[in-house]
Each structure stands twice: as C-alpha cells, then as structure tokens.
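Just so you know, all these numbers are worked out from the coordinates, no wet-lab data involved. Since this is a predicted model, take the numbers as computed values, not measurements. Every residue, glycine as well, gets a Cβ built from its backbone with ideal geometry; the counts of neighbours run over all protein chains shown.
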Amino acid sequence: MTTQQSHTQTPGREVVIGVVADPVATPLQVAQQLEQELPGLLAEQLPDRQWRVEVHRERLPPSDMQHFEIMNLATEHKRQRGWDFAVCVTDLPLAIDRQPVVADASSSRNVAVVSLPAFGAMALRRRVLGVVAQLIVDLRGETTPEEGSEEHRRSRLDALGGAFRRATPDQDGIDLRILASRGRLRLLIGMVRDNRPWRLVSGLRGALVGAFAFSAFYLINATLWELAITMAVWQLVAVVLASITVMLTWLIVYHHLWERVRNLPAYQREQAVLFNASTVITLAIGLTCGYLGLFVLNLIAALIVFTPEVFSQYAGPEYGLGEHLLVALLTTAAATVAGAIGSGFESEESVHEAAYSHRERARREALRRSREAKEDDETLDETTREG
C-alpha cells in the first residue's frame, strides 16, 4: 500500500483543480467539459468541499513517453497559480509493457497526466470525466487502496466500469496508474480517432479535384459502361478495393508517411509499428469517405447526362438505377487511381496536417530532427576518423 500526502483542509474550503490542455481539437474540448461537469461529480463523491476547475491552454511537450516533462509542467503551474490539484490532458499515447496507460498520478505533487488515446473511441468525454474524478478522489485520500481490496472496491467510481483498472506502478515519481483493460487495440483505435480521418477529404484538395476531373472523362466513355455492366460482382469489389489501396500506397510512399523501424530499440520499434498501423487505418477510413462522396457525385452526374438512346445500346432497353450504380462505381474506382496523381501536387506539410493530429505531427517532427542530428554526428565522426 502506498502512503499519500493528506490534504489538510477546513470544511467547506474551495478546492481548485487546474486542467492544462493542448489548445487543439480533442484535448481542449475534453478540458472544457471537465470545467463544466467535474465539480458536480466531485461534489457527489466528496460533499465536504466546494470544487472549481480552471482550464489553462498550453502546448505540451511533444514527446515524453514517461510523462515526467508534462508532470513537471503541471507542478509548476500548480505552484504558480495556487491550484490544489493539476491535471494535464494530452493526446500523446503512452504504453508500459505493451499495456496502454490511461493516466499517471503523483500523490507527492498532487498532479496527474491523462492520455486520451488509451480511452478508445467510444464515450470519450464521459470516460475521461470518470477517470479524472477517480484520480482526484485517490489523490485527496490518505492512502491508495490495494488493487482488489475491499477498500479499493468501495472507493471505485461507477463511471469507470470494467474498461479500466487501477494499478500501483513500481516507478519513482508515479504513485498511481490507470490502465486500459483491452490492450493495444483500444490504444490503436484512440490514436486513429485523434487523427480524425474524416478530415483527409478536405485536406487532399488536389487529389479530389484530379479525381473529379478524371470522372468526367470516364463517365462518357462507352467502353467503361460496357465493362461495368458485364463485370461480375466480385470483380467490381476487387476493383474498388484495389483503387483505394493504390491511392493509400501512393500517399504513404510519395509523402513519406511510413515510419522506419529498422535499427530501432525494441520499445521504439513497437511504438513505430503502432503509429504505422494508425496511419494505414486513418488513410483507409479517410479515402473510403472520399470514395463514397465522389461516388455520389458521379451517380448524380450519370443520372443527369446519360441519354437513354445511347446508354440502352450497352445496358439493354430495360436498364434502370442498378446499371447507373455499376457505371458510377467503376468510374469512381478509375478516377480514384488517377486522382493519386493530383495528390502529388499537395505539399508534404499539408498531407501530414490532413492525416495526423497535432500531437502526431509534433512527434514526427521531433523524431525527424533527432534522426538528422544523429546522422550529422555520425558523418562528423567519420570525417574526424578519416582526417
């Protein structure tokens, strides 16, 4: 059992919780919800105090896999602003021994770090609210109950359910850790959610314009009509999947979205594999959304421009909506492959912005600078030896 620092406060005293969050997208939205709802939830659990939450927006360190830098930042803000507790909300993924870490806390400093990717994709804000409330309850208490004990069960908030479990880590500076119960899959899903793959469509404007331009050409191509109507269902499905795969592969290779794993330490290699998997899934979801949008546009265009006299020569005199769907489907597949050329006109920065969250872009930039510095040092050493 780990002894924690007791809070000696007079009854009714207002307790202030500071929430430090990145001023972007999900972390800030979660922080704002904590500001609104956390005081009420804590008042139900600990009615002997008045609770207030203050939100501070700040860029958190981009790459700190042990959260020590972020904890130090939270401690400094807590001291400067007179907060009783400080909680940092970040979309930096964290895993220990291949287990996703939801939150780390230090009772000696009354600070905690909450990592959003480990929450998965469902009910994110409700789950974060429950976890932060649990952390405050534990930090305010005199002791941290042992996992599985009766005291542990009584102190556990219902909001946590079975999705997370509490643990006492064997690590200096961290007294309490909350882990996700469903392993790396939950972390991967959370990373994809933070990338917001639906933004990919608007971010790849060059590819979208190129695909739409090629659609106009393919849509009036009689050979494509004949192919679409005569192809088997499995062939059409294969063509659709192949077109999305070609576009996905082109984006990864041309815009250097794949993270190299060769010559990396074991823990960094596992992390790189996870980030590569999230990249592939993010692009697949985003490109599928773009494909569906382009398909709808092509279907509308087909219904408007196809003349019955010409189209009936290929589809038969009793053609209907089904034949239009087939032609629009094949047209979209062909235009998607051609649209890959249009993505070449996008800058690497714009593609990264469309495909990744702010945290992932910052992490990749830090990794790139680190590798360039290492390569420069190796080049300098070789030059010194030759000289």
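Structure values in brief
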item	result
Cα-based convex hull volume of region 29-138 per residue, rounded to whole Å³	108 Å³
Where trypsin sites (Lys or Arg not before Pro) fall in DSSP loop in region 186-291, at most 13 other Cβ within 10 Å	R260, R262
Inter-part distance where region 109-135 and region 203-222 are each reduced to a Cα centre, Å	43 Å
Highest-first arrangement of 325-335, 171-181, where packing means the average Cβ count within 10 Å	325-335, 171-181
Among 115-121, 245-251, the order from most to least packed when residues are scored by Cβ within 10 Å on average	115-121, 245-251
